[in-house]
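To start, I am sharing the structure in question, which I have written as structure tokens.
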Amino acid sequence: MKNTFSLLFILNIIALTSCTNGQPEETLVYSNDFEGSSLVQKEFGSINYAYNTSEKWFKFDGNTVLGRFGLGGIIIELKDLPTHDYFIVEYDFYVHDNWEGNGLRGNGEDVLIFNVDNTSIYFSSIINSKCIDQNCDTVQSFPDVIKSRTNPENANVTNPNLPGVCYWKGEIGGSKKFHIKELIPHSSVSSNITIGADIKDAGSDLCFKSWSVDNIKVTTVRVIDL
């Protein structure tokens, strides 16, 4: 189930608290844009590629991104975290080529998976039919939990105008970017953050559909009491 805490609501609480009890303390505990080792924050965490064969990178939209992947995901393993009350987790999630949302061919849904420890933040279908607005006949559940609500293609999309990489190589709308940013109650000294997907019939070469991720950041937030 998607986290029921509203990011805006909790940010307002923190803002109110900061006015009365002092500023919240934020610590960047993991950051990776996959452009070079000097830009990787590894003090508190690392990526486990247990669900994939190895690390992969490729150039997309002028940046180096992590991927492409099919079924499975990555786990960001964090430990020895500073005292905190919340996580801010953000990243760019790219869907490439023909994602089928709510199962257009009857073979099940193509789903984004985002978990923090045992809490499911997103388990949401995404569709990509190369439509670049919200006036399409196609639907998805994102940003809601799958089967709980139907939303139009491109709901909460950051950029629908990116080129496809294989099945729709070079075609505008063939890839889409979603910027994920969630504030999540959390206080443990360690955590496993899973970013992944359950996509159907991608093919062994991942040409029909795939996904990638970039600009991962995890920030702890501590509310300071005076």
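Applying 1/(1 + (r/R0)^6) with R0 = 30 Å to the Cβ-Cβ distance of Ser190 and Thr64, what FRET efficiency is obtained, to the nearest 0.05?
On the way: r = 28 Å, r/R0 = 0.94.
After rounding, the FRET efficiency stands at 0.60.
Also, quick follow-up: Could you list, in their original order, any pairs among Lys130/Lys200; Lys79/Lys177; Lys147/Lys169; Lys59/Lys79; Lys79/Lys200; Lys79/Lys217 whose Cα atoms are separated by more than 25 Å?
Working: Lys130/Lys200 18 Å; Lys79/Lys177 29 Å; Lys147/Lys169 31 Å; Lys59/Lys79 30 Å; Lys79/Lys200 33 Å; Lys79/Lys217 15 Å.
Violating the 25 Å Cα-Cα cut-off are Lys79/Lys177; Lys147/Lys169; Lys59/Lys79; Lys79/Lys200.
Ranked highest first by the average count of other Cβ atoms within 10 Å around their residues, in what order do 132-138, 180-186 fall?
Per-residue mean Cβ counts within 10 Å order the peptides as 180-186, 132-138.
State the three equivalent ellipsoid semi-axes of the stretch 98-194, derived from the C-alpha gyration tensor as the square roots of 5 times its eigenvalues, in descending order and whole Å.
Working: eigenvalues 140, 47, 30 Å².
With the √(5λ) rule applied to the stretch 98-194, the semi-axes are 26, 15, 12 Å.
Here is a further query. Using the crude model of +1 on Lys and Arg Cβ and -1 on Asp and Glu Cβ, and no other charge, please compute the dipole size for the stretch 25-222 relative to its Cα centre, in debye to 20. If you can, show how the numbers build up before the last one.
On the way: 17 positive and 27 negative charges, 61 e Å.
About 300 debye.
Assuming 0.36 nm per residue, please report the length gained on full extension of the stretch Val139 to Asp117 beyond their Cα-Cα distance. Provide the component values of the computation, followed by the final result.
On the way: separation 22, 0.36 × 22 = 7.92 nm, distance 2.91 nm.
Contour length minus Cα-Cα distance gives 5.0 nm.
Does the stretch 132-173 come out rounded, prolate or oblate, given a ≥ b ≥ c as the square roots of the eigenvalues of its C-alpha gyration tensor, rounded meaning a/c under 1.5 and, failing that, prolate meaning a/b above b/c? Write down the numbers at each step before the final one.
Numbers: a/c = 2.40, a/b = 2.12, b/c = 1.13.
Because a/c hits 1.5 or more and a/b exceeds b/c, the stretch 132-173 counts as prolate.
Just in the stretch 98-156: which trypsin sites (Lys or Arg not before Pro) are loop by DSSP and have at most 16 other Cβ atoms within 10 Å? Display every interim value, and only then the final one.
Working: sites: Arg105, Lys130, Lys147, Arg149; in loops: Arg105, Lys130, Lys147, Arg149.
Qualifying residues, ordered by number: Arg105, Lys147, Arg149.
Next question. Could you work out the percent of alpha carbon pairs in the stretch 25-222 separated by over 22 Å, rounded to a whole number? Kindly include the intermediate steps, with their values, before the conclusion.
Numbers: 8918 of 19503 pairs.
Everything past 22 Å amounts to 46 percent.
Related question: Could you list which residues have their amide H under 5 Å from that of Leu71, counting only those 5 or more apart in sequence or on another chain, with H placed in the peptide plane?
Ile199
Determine, from the Cβ-Cβ distance of Arg149 and Asp80 and an R0 of 45 Å, the FRET efficiency 1/(1 + (r/R0)^6), rounded to the nearest 0.05. Show your work: numbers first, answer last.
On the way: r = 39 Å, r/R0 = 0.86.
Approximately 0.70, to the nearest 0.05.
So, one more: Over the alpha-carbon set of the stretch 171-217, divide Rg by the Kirkwood Rh and report the Rg/Rh ratio to two decimals.
On the way: Rg = 15.0 Å, Rh = 14.0 Å.
On the Cα set of the stretch 171-217, Rg over Rh gives 1.07.
Next question, about the same structure. Using the per-residue mean of other Cβ atoms lying within 10 Å as a proxy for protection, in what order, highest first, do the peptides 23-30, 194-201, 109-116 fall?
Sorting 23-30, 194-201, 109-116 by mean packing, highest first, produces 109-116, 194-201, 23-30.
Each reported figure results from applying straightforward, stated rules to the coordinates on display, with no laboratory input. Keep in mind that this is a model prediction, so the values were computed, not measured. No Cβ is skipped: glycine too gets one built from the backbone with ideal geometry, and neighbour counts run over all protein chains shown.
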